[in-house]
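See below for the structure under consideration.
The values are calculated or read from the model by the stated rules, or taken from the named source; none is laboratory data. This structure is a prediction, so every number in the text was calculated from the model and none was measured. Methodologically, a virtual Cβ is constructed for each residue, glycine included, from the backbone with ideal geometry; neighbour enumeration extends over all protein chains shown.
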Amino acid sequence: MILPCGRPKGKEANMGLTIAQKIIRDHLVEGEMVPGREIGLRIDQTLTQDATGTMAYLEFEAMGIPRVRTELSVAYIDHNTLQSGFMNADDHRFIQSMAKKHGLKFSRPGNGICHQVHLERFGKPGKTLIGSDSHTPTGGGIGMLAMGAGGLDVAVAMGGGTYYINMPKMFKVELTGHLQPFVTAKDISLEILRILSVKGGVGAIIEWGGPGAKTLSVPERATITNMGTELGATTSIFPSDEVTKAFLEAEGRGRDYVPLASDPDAVYDRIIHIDLDTLTPKIACPHSPDKVVDVASLSDVKVDQVCIGSCTNSSFYDLLKVAGILKGKTIQPSVSLSLSPGSKQVLTMLADADALTDILSAGARLLECACGPCIGMGFSPNSAGVSLRTFNRNFEGRSGTKDGQVYLVSPETAAASALTGYITDPRTLGEAPDVTMPEAFRIDDSAVIDPAPVEEADQVEILKGPNIKECPVGDPLGDSLEGELVLKVGDNITTDHIMPAGSKILPYRSNVPHLSQYCFEVVDPSFPERAKAAGRSLIVGGENYGQGSSREHAALVPLYLGVRAVVAKSFARLHAANLINAGILPLTFEDPADYDKLSQGDQLQITHIQEGLETGSFLLEDASGVKIPLKGSFTERQKGMLRAGGLLKYVAAQGK
Ligand code: MIC
Ligand code: SF4
């Protein structure tokens, strides 16, 4: 039994709580902590990056709120740093002017990847954080409840609004033993992906614990919580303990430490055990992070390119180990190696420790402290090239080379393979470098710019370049919806399929009309033209539709092209939320076998939508009279959003 305020009553009141449940309890403003039910959370901190940020700030601007109402909001520039053309620089100036006027800190380009910098300088155990980037759960490495969200949700939270999710189930991963030499946190991430798959964490928060967790440093924990995103999990979290305290103290932020642990009698929906003593180096094969095998099993695969970096594996700790492996050696002439340090702190400390010299002398190319190759911003592999990356995603085409064969590995496996030219189990190298966490990090926040004081905010001019176009808004949902089935796709369609990124397209994240030419480019380049010609239309998908990124462009661009409903076997959490925010109706098949009854080009109709919103049952009919039952269960708030034509219109109507 649960009281309206969400606190358990009766027998359950004495039940122990998990770490996440404790943070949720302390931030609950609406709903009950019952798995599957919608809850509203107070958000302490927000972050945005530039690829989703421009849109988020346009949305924030549309809300007319003068100053952010969070404890801390930070605007990072880390994705779009190539600046080929005026577009990125214009977006950066816009974001910087918005931050200055509306009370956000602004992290300049070059300061680092949002998740790495946020962990170093701003994250606090026990706080809630949402970010317009799906890897925001990195903050779970220091015991934050950190979640990826759509830009519009972040805009609402910046304005002091509530963030809504469905109360997740609780999973626990119990770690025992110690990582053996050359076996790493990345191998733990890949192992859990092997066990659970890219859908295995959907609807769950994954808590990491057990004696093995105590042996992991904060950067290692952050690698694991970062890649929890690939499991589809709402977020992942570690306890806040002595290790967290030491990390915060080394960052000069000991005052931010609070201890956090689950109760001994906390209840989990699922417990998974991983024995670190027996874990071996792992690798995810093209094109999915869960296609995991032992590194040793692929030793005959020749490597063309190795990329070390990204928000998963670019900490000082990771890169010191890489330097230790490469020191005094030279990479194979056939291999191209890149290094993108996670932050300016990491880069300057590597330089101070002479470790940067070891890496560069071995033959690496130094890229910026930014996302870079992870999101296809340069350094694409050669045709059909094998690229080993310490990143978190290896979706088809994401590297910028359509037939590139991207494998995901640890920094140790990456460095070892660059030396041999073949996929190499780093344990064959001999002795592992002995790396310890520093007692103090190099603290220099000069690349973080404070906002204007409130009294001067009025005078700050908002700078908008010509690339910044209006954000599309949905139409109120009527009682029936008719349209062509313009695209039928299979399982595990990612947001990179729906709205690709990369150096050609990413500069247009604030220009939806231009962006729309590339929608579903990897799947079917004729989609945009067909969708435009069709007027109002529907898309049909398989399982886990929309997995991957938080990019709301994967909803806004189809909306612009006329898509009004997506019918799938199942949806990824973030994408379903983004569709509703955009005013697109996401429905699932009552019987997944009905998926086979539909073909691209069918004329479809969904009737009695208003009744369906209440009952959760919908009926899809094609022109020949075939009837397919669909379902969709929406909260009152979501119904309101769909009826209004999306979150922006809904918020405007509520006068919030
Ligand atoms: C990604 O890793 O796919 C991104 C680029 O960081 C995205 C955000 C975006 O599309 O801008 C994410 O993970 O949310
Ligand atoms: Fe940047 Fe890659 Fe991390 Fe996304 S996954 S935030 S693109 S480094």
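Residue 92 falls short of the stated requirement of being in a helix (DSSP H, G or I), within 22 Å of residue 451 (Cβ to Cβ) and either within 13 Å of ligand 1 (Cβ to nearest atom) or aromatic (Phe, Trp, Tyr) (or both).
The residue pairs whose first member lies in region 628-650 and is among the aromatic types (Phe, Trp, Tyr), whose second member is part of a helix (DSSP H, G or I), and whose beta carbons are closer than 7 Å, counting only pairs six or more residues apart or on different chains, are 634/613; 634/642; 650/640; 650/641; 650/644. Cβ separations smaller than 9 Å between residues 6+ apart or across chains give the following pairs from region 60-82 residues that are over 14 Å from residue 46 (Cα atoms) and touching a residue at least 24 places away in the same chain (Cβ under 8 Å) to residues that are within 14 Å of ligand 1 (Cβ to nearest atom) and hydroxyl-bearing (Ser, Thr, Tyr): 79/52; 80/54; 82/503.
Quick grid of which residues meet (1) hydrophobic (A, V, I, L, M, F, W, C); (2) surrounded by 21 or more Cβ atoms within 10 Å (Cβ to Cβ); (3) free of Cβ contacts under 8 Å to residues at least 12 places away in the same chain:
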site	(1), (2), (3)
542	no, no, no
549	no, yes, no
559	yes, yes, no
574	yes, yes, no
583	no, yes, no
597	no, no, no
615	no, no, yes
620	yes, yes, no
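Within region 311-340, restricting attention to residues that are assigned to a loop (DSSP other than H, G, I, E, B), within 16 Å of ligand 2 (Cβ to nearest atom) and under 21 Å from residue 381 (Cβ atoms), which residue is farthest from the chain's Cα centre (by Cα)? Step by step, filter region 311-340, then rank; the result is 314.
Once region 252-281 is narrowed to residues that are farther than 23 Å from residue 182 by Cα and of a type in the set (Ser, Thr, Tyr), the residue that is surrounded by the fewest Cβ atoms within 10 Å (Cβ to Cβ) is 268. Can you confirm whether region 283-295 contains a residue that is part of a helix (DSSP H, G or I) and closer than 30 Å to residue 334 by Cα? Checked against the condition, which is being part of a helix (DSSP H, G or I) and closer than 30 Å to residue 334 by Cα, region 283-295 yields at least one hit.
Considering every residue within region 293-308, establish whether at least one is under 28 Å from residue 199 (Cβ atoms), under 24 Å from the mean Cα position of the chain (by Cα) and away from ligand 1 (no atom under 16 Å from the Cβ).
Taking region 293-308 as the starting set, the residues that turn out to be under 28 Å from residue 199 (Cβ atoms) are 293-298, 301, 307.
Now narrow it down to the ones that are under 24 Å from the mean Cα position of the chain (by Cα): 293, 307.
If we keep only those that are away from ligand 1 (no atom under 16 Å from the Cβ) as well, we get 293.
Yes, region 293-308 contains a residue that is under 28 Å from residue 199 (Cβ atoms), under 24 Å from the mean Cα position of the chain (by Cα) and away from ligand 1 (no atom under 16 Å from the Cβ).
Considering only residues that are surrounded by fewer than 24 Cβ atoms within 10 Å (Cβ to Cβ) and either within 20 Å of residue 375 (Cβ to Cβ) or not charged (D, E, K, R) (or both), look in region 103-121 and name the one that is farthest from ligand 1 (Cβ to nearest atom).
To start, the set of residues in region 103-121 that are surrounded by fewer than 24 Cβ atoms within 10 Å (Cβ to Cβ) comprises 103, 105-106, 108-110, 121.
From what's left, either within 20 Å of residue 375 (Cβ to Cβ) or not charged (D, E, K, R) (or both): 103, 106, 108-110.
On the way: 103: 23, 106: 18, 108: 18, 109: 15, 110: 18 Å.
Out of the qualifying residues, it is 103.
Every listed requirement among (1) more than 29 Å from the chain's Cα centre (by Cα); (2) modelled with pLDDT under 95; (3) among the charged types (D, E, K, R) is met by residue 475 save one, (1). Among the residues that make up region 351-372, is at least one of them under 23 Å from residue 520 (Cα atoms) and within 16 Å of ligand 1 (Cβ to nearest atom)? For region 351-372, residues under 23 Å from residue 520 (Cα atoms) and within 16 Å of ligand 1 (Cβ to nearest atom): present.
Step by step: first the residues of region 75-102, then only those that are among the aliphatic types (A, V, I, L, M) and touching a strand residue (DSSP E or B) at 6+ places or on another chain (Cβ under 9 Å), then the one that is nearest to residue 367 (Cα to Cα). Which residue is that?
Restricting attention to region 75-102, the residues satisfying the condition of being among the aliphatic types (A, V, I, L, M) are 75, 77, 82, 87, 89, 95, 98-99.
Imposing the further condition that a residue be touching a strand residue (DSSP E or B) at 6+ places or on another chain (Cβ under 9 Å) reduces the set to 75, 77, 95, 98-99.
Details: 75: 22, 77: 15, 95: 23, 98: 28, 99: 27 Å.
So the residue we want is 77.
One residue alone among 449, 423 is buried (at least 19 other Cβ atoms within 10 Å of the Cβ), within 28 Å of the chain's Cα centre (by Cα), within 30 Å of residue 78 (Cα to Cα) and among the β-branched types (Val, Ile, Thr), and that residue is 423.
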